[in-house]
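Just so it is clear, none of the values below were taken in a lab; they were calculated from the coordinates. This structure is a prediction, so every number in the text was calculated from the model and none was measured. With ideal geometry, Cβ positions are generated from the backbone for all residues, glycine too; neighbour counts draw on all protein chains shown.
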Amino acid sequence: MPIYALGDRTPDIDPTAFVHPDAVVIGDVRIGAESSVWPSAVLRGDYGTVIVGERTSIQDGAIVHAVGEYPTVIGSDCVIGHLAHLEGCVIHDRALVGSGSVVLHEAIVHTGATVGAGAVVRNRMVVPANALAVGVPASIKLDVSGEEAILDNAQSYVLNARRYREQLRQL
């Protein structure tokens, strides 16, 4: 699998994490226990630090990047959807970032919040706990998201990563 150091920036991947062979991890990227990084996802810590907590899923084609002054921090039990783009933001524990969405510099997505598919969370925007951010640019709908469904989704990816670790083979 393509895992690269860049100068003195070296990935730190927990041994229980699953990084698909077609994902790319570069530089100062830290991936926690039982997290998963799926095909074509790119986690690039060349200018800044990328931190992924425990039991978090970074799905197919997602781009996670950081710049020096804005690390990208993703908490535990999160789901980062297919083709999402995160850069210089903070995603708190038990949050979901939907497919094709974008979360930009200094934005914060709080616990239990959901960024809807295709939404754009602008620089410095805050998505409150249990809120839903939808649209371009994103607007906030309060108290319509919740942690339970996000935790169920995150747990399904923990189980799927175990299956992949045991059964994936190239033909």
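If you take log10 I(q)/I(0) by the Debye sum over Cα atoms at q = 0.10, 0.12, 0.19 Å⁻¹ from the coordinates, which of (i) -0.33, -0.49, -1.36; (ii) -0.32, -0.46, -1.14; (iii) -0.40, -0.57, -1.29 do you get?
Recomputing log10 I(q)/I(0) by the Debye sum over Cα atoms at q = 0.10, 0.12, 0.19 Å⁻¹ here picks out (ii).
Could you rank the peptides 101-114, 123-136, 147-160 by their average count of other C-beta atoms within 10 Å per residue, with the highest value first?
Those peptides, ordered most packed to least, come out 101-114, 123-136, 147-160.
Calculate one ³J(HN,Hα) per residue across the range 8-25 by plugging θ = phi - 60° into the Karplus curve 6.51 cos²θ - 1.76 cosθ + 1.60, and present them in order as whole Hz with x for glycine and proline.
Per residue, the Karplus-derived 3J(HN,Hα) values read 8, 8, 10, x, 10, 10, 4, x, 8, 6, 10, 10, 4, x, 9, 8, 10, 10 Hz.
Test of understanding: ordering T72, T49 by Cβ neighbours within 10 Å, fewest first, what list do you get?
T49, T72
What residues qualify as long-range amide H neighbours of V115, i.e. H under 5 Å apart, gap of 5 or more or another chain, H built at 1.01 Å from N?
L96, V97, G98, A133
Using Cα atoms only, what is the angle between the long axis of helix 147-167 and the major principal axis of the chain, expressed in degrees (0 to 90) to the nearest 10?
The angle comes out near 10 degrees.
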